[in-house]
1. Can you tell me which residue in segment 235-255 is nearest to the ligand (Cβ to nearest atom), limited to those that are surrounded by fewer than 20 Cβ atoms within 10 Å (Cβ to Cβ) and within 16 Å of the chain's Cα centre (by Cα)?
2. Across segment 214-224, which residue is surrounded by the most Cβ atoms within 10 Å (Cβ to Cβ) among those that are within 11 Å of the ligand (Cβ to nearest atom) and in a loop (DSSP other than H, G, I, E, B)?
3. Could you please find all residues in segment 1-10 being open to solvent by 60 Å² or more (accessible area, probe 1.4 Å) and either assigned to a strand (DSSP E or B) or under 22 Å from Ile96 (Cβ atoms) (or both)?
4. Where in segment 11-108 are there helices (runs of 4 or more DSSP H), lying fully within it, with 1 or more residues that are more than 30 Å from Glu152 (Cα to Cα) and at pLDDT below 95?
5. So in segment 96-114, with the set limited to residues that are away from the ligand (no atom under 16 Å from the Cβ) and within 16 Å of Val81 (Cβ to Cβ), which one is least open to solvent (accessible area, probe 1.4 Å)?
6. Out of Ala43, Ala65, report the one residue that is open to solvent by less than 60 Å² (accessible area, probe 1.4 Å), touching a Leu at 6+ places or on another chain (Cβ under 8 Å) and within 23 Å of Val126 (Cβ to Cβ).
7. Counting just the residues of segment 172-187 that are crowded, with 16+ Cβ neighbours inside 10 Å and in a helix (DSSP H, G or I), which one comes out farthest from the ligand (Cβ to nearest atom)?
8. Of these, Glu132, Glu170, which one is in contact with a Gly (Cβ under 8 Å, 6 or more places away or on another chain) and of a type in the set (D, E, K, R)?
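The values are calculated or read from the model by the stated rules, or taken from the named source; none is laboratory data. Just so it is clear, the structure is predicted and the values come from calculations on it, not from any experiment. Cβ atoms come from the backbone with ideal geometry, glycine included; neighbour counts cover every protein chain shown. What goes into the accessible areas is simple: the full protein's heavy atoms, side chains included, and nothing from ligands, DNA or RNA. Shrake-Rupley method; radii C 1.70, N 1.55, O 1.52, S 1.80 Å.
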Amino acid sequence: MSRQLMVAGNWKMNKNLIEAFTLASEVISKAKKLSGAVEIVLAPPTPYLHTINSMTKDLSYVKVAAQNCHFEQNGAFTGEVSAEMLNSMQLAYVIIGHSERRKFFGEHNNILSRKVSAAINEGLKVIFCCGEPLDIREANTQQGFVQKQLEESLFHLSVEQMEKVVLAYEPVWAIGTGKTATPAQAQSMHYFLRNLIRAKYTDKLADNCTILYGGSCNPSNAASLFENVDVDGGLVGGASLQSDKFIQIVNALSN
Ligand code: 13P
């Protein structure tokens with residue numbers, strides 16, 4: 001089994017240019033002291049992608065992700081960024097399906113399916129987010145909910161394409177709320193997701209698929225989340241905005 005461990009920092013719409021440069025510099029210099037067993041992914045706002053990607057080129061285990069892309073290659077889509085543009089900057093990853101994109105920009109499973117295809121066809125790897133809102137968790141129907149998200153946005157991919165996907169389970173009720181899924185809740189959902197992939201694709205793909213947990217992940221709870229066999233790292237929001245906290249989370253996975 002060669003499952004890649006990963007901690008990704010989703011900066012969302014935070015930091016001005018100087019602050020972003022400072023944060024990336026700090027993370028890169030602290031990452032140089034680490035073993036490289038954990039892939040570190042930085043997802044800054046779009047205007048800083050090229051600069052920060054250039055800063056990471058000496059470290060093979062620090063990569064950069066865009067937070068979104070459009071499903072068309074180019075054209076009259078004011079304000080949008082295409083997967084082709086991201087690829088031309090030699091970015092490694094793009095995050096697709098974040099719950100904030102779903103909620104604030106109306107991105108539903110079908111649109112996300114087109115974005116996933118566009119990204120993979122351009123040679124990008126995708127960090128695909130799934131996760132249920134609070135009412136679904138309270139009704140205990142979260143498994144069916146995330147299954148539909150995967151079926152409608154990912155399961156059109158071939159085995160070779162699906163190998164380019166990292167999954168991120170982000171329960172919406174845990175994002176930015178300070179309320180984290182318990183380690184048992186995270187493990188249970190990650191196990192379920194891995195078995196969906198096993199049923200649709202192959203044992204090998206399921207066993208090798210990196211599945212991240214996201215939602216109020218911080219230096220205090222990271223180790224207990226990451227010690228679960230099906231939790232391969234984290235997708236971190238708020239705590240990724242400070243280099244010390246972010247690196248502590250990376251260390252929680254390395255140890
Ligand atoms: P928080 O870590 O701030 O809860 O955000 C999680 C997230 O949305 C990462 O994509």
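1. Per the stated criteria, the residue is Gly238.
2. Going residue by residue through segment 214-224, those that are within 11 Å of the ligand (Cβ to nearest atom) are 214-218, 221-222.
When the remaining residues are screened for being in a loop (DSSP other than H, G, I, E, B), the result is 215-218, 221.
Values: Gly215: 27, Ser216: 20, Cys217: 30, Asn218: 19, Asn221: 21.
Across segment 214-224, the extreme among qualifying residues is Cys217.
3. Within segment 1-10, just Gln4 meets the criteria.
4. Numbers: elements: 17-31, 49-55, 83-88, 99-105.
Those helices (runs of 4 or more DSSP H) span 17-31.
5. So the first thing to find is which residues in segment 96-114 are away from the ligand (no atom under 16 Å from the Cβ), and the list is 106, 108-111, 113-114.
Now drop any that are not within 16 Å of Val81 (Cβ to Cβ), which leaves 111, 114.
Values: Ile111: 39, Arg114: 118 Å².
Only one residue tops the list, namely Ile111.
6. Values: Ala43 fails: touching a Leu at 6+ places or on another chain (Cβ under 8 Å).
Matching residue, one of Ala43, Ala65: Ala65.
7. Taking segment 172-187 as the starting set, the residues that turn out to be crowded, with 16+ Cβ neighbours inside 10 Å are 172-175, 180-181, 183, 185-187.
With in a helix (DSSP H, G or I) added as a condition, the list becomes 172-174, 183, 185-187.
Values: Val172: 9, Trp173: 10, Ala174: 6, Pro183: 16, Gln185: 15, Ala186: 13, Gln187: 18 Å.
Looking at residues that are crowded, with 16+ Cβ neighbours inside 10 Å and in a helix (DSSP H, G or I), I get Gln187.
8. Details: Glu132 fails: in contact with a Gly (Cβ under 8 Å, 6 or more places away or on another chain).
Being in contact with a Gly (Cβ under 8 Å, 6 or more places away or on another chain) and of a type in the set (D, E, K, R) holds for just one of Glu132, Glu170, which is Glu170.
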